[in-house]
Structures are given as structure tokens and as C-alpha cells.
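One structure below.
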Amino acid sequence: GGDVQFQIGWRGLLSLARRSGEVTRATAKIVYDKDYFLYEEGLEPKLVHRPYLEGADRGEWKLAYFVGQLRDGEPQIEVMTRSESEKVKEFAKKKLGKGFSFSPWATWEEEMIRKTVAKRGLKWCPQSIELAKALEVDNAQETGEAMPDFAAFTTPALPEPQAAPELSATERAK
């Protein structure tokens, strides 16, 4: 038996971001060689991604991106190159050693690519306490740091109701 570890997926992270109300839309996508992709930074950033749909083979993946729309309409865009993603994967490989072959990077690489770019993009978005804590736990799990207290994810319990104090005979007569 190995240890069971918390592992939030990229969809869970985006769901937590949307639930805060500060992020109204969010997605993470992968761009392949045969896809059309245009990205421009500036005061009015622009991102256009047209997936290649003429056949099953879209080529090798080359980029991943996160797009979030904040409540005020402002876009938040993060684009990550394949080499940047590979650095994150190599870090996981070093941390996990022989256990890497059982990691999400080895079994669901595309999901981890999306998750990595989503985490980078969410850093720049307003965060709820739940999202911030989920990112903290996930980062600790990925880097082997001490895990934060999971109790932080639960709603605090309400105090037990207290019994009414005993009234004296004079107070009961009133």
C-alpha cells in the first residue's frame, strides 16, 4: 500500500473559480500543429483558436492556454509553450522518482497540461478562499511539501446549542 493523496483536476479548479462569482467563464485548451492559433497581447488581448477538424490527426501538441473572463468583462489569458509544460513534467518526474509511472503525468498527460496552464492563469484571477486553499493543497502535493490542514476545506461546525439556564422560582413566576 501506497499513500492516498488529494488530487484536484483542472475542471475542479475552474469550477471553484466560477463559483466565486469573480470569474464568469474559464477554460483550458491544448493547441496542436494543424490548429489555427493567434494570440496577441496588449490593452485589448486577442486569442483565436480554430481546431483542425479535417481528420483525426491534429499533429503534435505545441501550446496550451487558459482563458478566463472576470466579472467586469476583463479577459485573463495565459499561454504556455510545450517546453514550459515539459519543465513542469520533468520537475514531477524528479520528485516522484520510480512512482512517476503511476502519476497523472504518465497516465493522463493532456489533463495535466490543461491543469498546469489553468493553475498559472488562475494565479492572476481573484480567488475565493476555497480556490486558494485547493491550489495550496495541490501545490504542496506536487512539490512534496507539508500538506495544509484539510479542515480548512470544511465549513466550520456551528456550536452546540446551549441549554437554557435554570430559572429560580421567582423568575419562573414572572
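The values are calculated or read from the model by the stated rules, or taken from the named source; none is laboratory data. Since we're looking at a predicted model, the values are computed, not measured. Heads up, the Cβs are rebuilt from the backbone with ideal geometry, glycines too, and the neighbour counts pull from every protein chain shown. The accessibility values were calculated without ligands, DNA or RNA, using every heavy atom of the protein model including side chains. Shrake-Rupley method; radii C 1.70, N 1.55, O 1.52, S 1.80 Å.
For beta carbons closer than 6 Å, sequence separation of 6+ or different chains, a first residue in region 78-96 that is within 14 Å of ARG120 (Cα to Cα) and free of Cβ contacts under 8 Å to residues at least 60 places away in the same chain and a second that is open to solvent by less than 40 Å² (accessible area, probe 1.4 Å) and in a helix (DSSP H, G or I), the qualifying pairs are GLU78/VAL117; GLU78/GLY121; MET80/VAL117; SER85/ILE113; SER85/THR116; VAL88/THR116. When restricted to residues that are over 17 Å from GLU78 (Cα atoms) and open to solvent by 50 Å² or more (accessible area, probe 1.4 Å), region 23-35 contains 2.
If you go through region 1-58 and keep only what is at pLDDT 95 or above, aromatic (Phe, Trp, Tyr) and within 18 Å of MET112 (Cα to Cα), you end up with just TYR32. Inside region 65-174, counting only helices (runs of 4 or more DSSP H) that do not spill past its ends, which hold 1 or more residues that are at pLDDT below 75 and of a type in the set (Phe, Trp, Tyr)? Ranges flagged: none. Surrounded by 11 or more Cβ atoms within 10 Å (Cβ to Cβ), within 20 Å of CYS125 (Cα to Cα) and touching a Leu at 6+ places or on another chain (Cβ under 8 Å): does that describe PHE66? So PHE66 passes the test. In the set TYR52, TYR39, only one residue is closer than 26 Å to PRO126 by Cα and among the aromatic types (Phe, Trp, Tyr); that residue is TYR39.
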